[in-house]
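Chemist: Right, I'll just put the structure down here and ask away after.
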């Protein structure tokens, strides 16, 4: 019970069972219905995993949505507008994304300003720069880009409606879990978020840990930006804007503490599943579509409440888990 | 990279550099004749992040360049549209321009400010939205597309294709213009014995094409009998095509959309998208500035509203449209 992902697992299973009963006969349990929520969860999950890791280390990244949009327009401009190989745009996007993460990290650790504010400012700057450059160069903020060759296979292929993003997500979840639970770096991450001062005194390079994690969260956003742009053959500067909220929501549903120091990658995976199931499931209920947002919000609130309750129960048995 | 694109790249970098330089030294770029002409037009309209508006902006910019006047575009923030509609219009009035061109999206907020501007001696031209209010507000003209007319045009296309029960996909629930389009569509279908329901896309999904595609697919799966899907922006149109293809409904569900993107055009060419409703936003921008200029200078203006849409793009004229998009990107719609 003391494991941080238990709450996320319970939420995901509960939401799934609810929709399997209420909407199972209306297509939710069909192959398309299943691929719908797994695809949604996987794209969100790719952003949420490194965002969750960063939150465990005690910092936020609100610029991920803007990085998805910037990546999208860079890839579409290079490939769709200038007719260069998709790999040129992908490479530039990775460099730009890593640069944004590096800036987020360096500014946050050197100024000691809250990362909430630093990355909020970065979000606005990246949004503005994307639209400014895209419109000056191409006269558009939305550009078609139809993928070709190897980039299509790696980022935009699917099997019977199951997208390749699921493989990326699974690989990143395994990598993240290994890093967090089996390596010294993972110990440093938890220590940095638990008490940065104590961690520094114990010799943990907290600044370096945070900078690396800021770069990682930007790169997660870059990957999703590439996948979405090439899968839908269209780049747009506003793409991904809502990951700012949903990625943090997925991490919190999965048991990551907003205050840092506690959480797991597997929990974040379950959090992404919960969001994916709830946000797709409501469509299969066949209810009035006007109520969709209301129910998605309600399910998320219930999921976090349930998680909180489970964690408190766990605290009773294991004094080491913060409430 | 083609020569044309390379030239545009150089031009784009030059624009950025000029912009940064002018910010640094505190002057604004513009043709030398701007001062001589002494006409300044402020244009209040939608944000460039919305794929509809870059062509409008490009048209307005081109007109001000051609006419040699000074020009300022103030974008409304769609995320906080009421408050922002008021602020941007207040800012436009405070600049004391020769004329204001405004997209009257939230009429209850913008109408009093149009009257305020007119009262203080600034002529106002209403552009793209506000077709029912402009005369009452004292504006000197309107150019754009009437929402119900766009919906009705789409409805007639669906009827021509044999689709009577059509889903209207609303990407900005609560936007009165988009609701009017869906209502126009529903009116035509109902008169022909059909029906239309609105699918409001959740706001959290608006920037996620995977979600939009799957939302549409799931709705079609749980509501059998729908034979048409109509989207209100270019990206949602191609997402609707993707949803229909994924569900193997390409033969039963016809797809149409407002707005233009290169992908939409290719889908029309490939027969996956039935038609596009084109408002010709470049003309909204160009004519808005041109008409305001002529009104300020000579007191002349077209009598009554000028319609820039709904023009229809389908298999019959796609070849010509594609050749224009190739030659002049950023004019028809998003690239």
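The values are calculated or read from the model by the stated rules, or taken from the named source; none is laboratory data. Fair warning: this is a prediction, and the values are worked out from it, not measured in the lab. Every residue, glycine as well, gets a Cβ built from its backbone with ideal geometry; the counts of neighbours run over all protein chains shown.
Chemist: Return a yes/no flag: does the range B:166-175 have any residue that is part of a loop (DSSP other than H, G, I, E, B), within 14 Å of chain A (Cβ to nearest Cβ), more than 22 Å from residue B:59 (Cβ to Cβ) and free of Cβ contacts under 8 Å to residues at least 24 places away in the same chain.
Modeler: So far as the range B:166-175 goes, yes, one or more of its residues are part of a loop (DSSP other than H, G, I, E, B), within 14 Å of chain A (Cβ to nearest Cβ), more than 22 Å from residue B:59 (Cβ to Cβ) and free of Cβ contacts under 8 Å to residues at least 24 places away in the same chain.
Chemist: Do you know which residues across the range B:158-176 are surrounded by 24 or more Cβ atoms within 10 Å (Cβ to Cβ) and under 18 Å from residue B:50 (Cα atoms)?
Modeler: B:169
Chemist: Residue B:190 - would you say it is crowded, with 18+ Cβ neighbours inside 10 Å and either free of Cβ contacts under 8 Å to residues at least 12 places away in the same chain or in contact with a helix residue (DSSP H, G or I) (Cβ under 7 Å, 6 or more places away or on another chain) (or both)?
Modeler: No.
Chemist: Report whether or not residue A:106 is more than 25 Å from residue A:151 (Cα to Cα), touching a helix residue (DSSP H, G or I) at 6+ places or on another chain (Cβ under 8 Å) and in a helix (DSSP H, G or I).
Modeler: Against the criterion (more than 25 Å from residue A:151 (Cα to Cα), touching a helix residue (DSSP H, G or I) at 6+ places or on another chain (Cβ under 8 Å) and in a helix (DSSP H, G or I)), residue A:106 qualifies.
Chemist: So in the range B:52-87, with the set limited to residues that are under 15 Å from residue B:109 (Cβ atoms) and crowded, with 22+ Cβ neighbours inside 10 Å, which one is farthest from the other protein chains (Cβ to nearest Cβ)?
Modeler: Looking at residues that are under 15 Å from residue B:109 (Cβ atoms) and crowded, with 22+ Cβ neighbours inside 10 Å, I get B:85.
Chemist: Can you tell me how many residues in the range B:217-231 are modelled with pLDDT under 95 and either assigned to a helix (DSSP H, G or I) or buried (at least 23 other Cβ atoms within 10 Å of the Cβ) (or both)?
Modeler: Count: 6.
Chemist: Okay, moving on. With the range B:243-335 as the region, which helices (runs of 4 or more DSSP H) entirely inside it contain at least 1 residues that are in contact with a strand residue (DSSP E or B) (Cβ under 7 Å, 6 or more places away or on another chain) and surrounded by 22 or more Cβ atoms within 10 Å (Cβ to Cβ)?
Modeler: Passing ranges, in order: B:262-269, B:281-298.
Chemist: Is it the case that some residue within the range B:285-302 is within 13 Å of another protein chain (Cβ to nearest Cβ) and either more than 30 Å from residue A:285 (Cβ to Cβ) or modelled with pLDDT of 95 or more (or both)?
Modeler: There is at least one residue in the range B:285-302 that is within 13 Å of another protein chain (Cβ to nearest Cβ) and either more than 30 Å from residue A:285 (Cβ to Cβ) or modelled with pLDDT of 95 or more (or both).
Chemist: Here's a follow-up. With the structure loaded, tell me whether residue B:171 is assigned by TED's automatic domain parsing to the domain that holds residue B:239 and more than 30 Å from residue B:203 (Cβ to Cβ) or whether it fails that test.
Modeler: Criteria not met by residue B:171.
Chemist: Given the residues B:139, B:154, which is the only one that is buried (at least 24 other Cβ atoms within 10 Å of the Cβ) and in the same structural domain as residue B:288 (by TED's automatic domain parsing)?
Modeler: Step by step, each of B:139, B:154 is checked, and only B:139 is buried (at least 24 other Cβ atoms within 10 Å of the Cβ) and in the same structural domain as residue B:288 (by TED's automatic domain parsing).
Chemist: What number of residues within the range B:62-87 satisfy the criterion of being assigned to a helix (DSSP H, G or I) and touching a strand residue (DSSP E or B) at 6+ places or on another chain (Cβ under 7 Å)?
Modeler: 1
Chemist: Surrounded by 18 or more Cβ atoms within 10 Å (Cβ to Cβ), part of a strand (DSSP E or B) and within 12 Å of chain B (Cβ to nearest Cβ): is that true of residue A:143 in this structure?
Modeler: For residue A:143, the condition - surrounded by 18 or more Cβ atoms within 10 Å (Cβ to Cβ), part of a strand (DSSP E or B) and within 12 Å of chain B (Cβ to nearest Cβ) - is met.
Conditions (1) at pLDDT below 95; (2) more than 14 Å from chain B (Cβ to nearest Cβ); (3) under 21 Å from residue A:261 (Cα atoms), marked per residue:
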| residue | (1), (2), (3) |
| --- | --- |
| A:30 | yes, no, no |
| A:50 | no, yes, yes |
| A:57 | no, yes, yes |
| A:80 | yes, no, no |
| A:91 | no, yes, no |
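Chemist: Regarding the range A:250-271, can at least one residue be identified that is within 14 Å of chain B (Cβ to nearest Cβ) and either modelled with pLDDT of 95 or more or more than 18 Å from the chain's Cα centre (by Cα) (or both)?
Modeler: No; the residues of the range A:250-271 include none that is within 14 Å of chain B (Cβ to nearest Cβ) and either modelled with pLDDT of 95 or more or more than 18 Å from the chain's Cα centre (by Cα) (or both).
Chemist: Now, a different point. Considering only residues that are touching a helix residue (DSSP H, G or I) at 6+ places or on another chain (Cβ under 7 Å), at pLDDT below 90 and assigned to a loop (DSSP other than H, G, I, E, B), look in the range B:101-157 and name the one that is nearest to residue B:60 (Cα to Cα).
Modeler: Among those that are touching a helix residue (DSSP H, G or I) at 6+ places or on another chain (Cβ under 7 Å), at pLDDT below 90 and assigned to a loop (DSSP other than H, G, I, E, B), it is B:129.
Chemist: Provide a single number: the residues in the range A:155-185 that are crowded, with 18+ Cβ neighbours inside 10 Å and either touching a strand residue (DSSP E or B) at 6+ places or on another chain (Cβ under 7 Å) or free of Cβ contacts under 8 Å to residues at least 24 places away in the same chain (or both).
Modeler: Number satisfying all stated conditions: 1.
Chemist: Give the range B:194-250 a look and list any residue that's more than 8 Å from chain A (Cβ to nearest Cβ) and within 20 Å of residue A:42 (Cα to Cα), or say none.
Modeler: Once the filter is applied, which keeps residues that are more than 8 Å from chain A (Cβ to nearest Cβ) and within 20 Å of residue A:42 (Cα to Cα), the range B:194-250 yields B:212, B:216, B:243.
Chemist: Another question, then. Is the range A:229-241 home to any residue that is within 14 Å of chain B (Cβ to nearest Cβ), in contact with a helix residue (DSSP H, G or I) (Cβ under 9 Å, 6 or more places away or on another chain) and farther than 16 Å from residue B:211 by Cα?
Modeler: Scanning the range A:229-241, I find at least one residue that is within 14 Å of chain B (Cβ to nearest Cβ), in contact with a helix residue (DSSP H, G or I) (Cβ under 9 Å, 6 or more places away or on another chain) and farther than 16 Å from residue B:211 by Cα, so the answer is yes.
Chemist: Turning to a different aspect of this structure: Would you be able to say whether some residue in the range B:8-27 is within 12 Å of chain A (Cβ to nearest Cβ), under 17 Å from the mean Cα position of the chain (by Cα) and at pLDDT 50 or above?
Modeler: no
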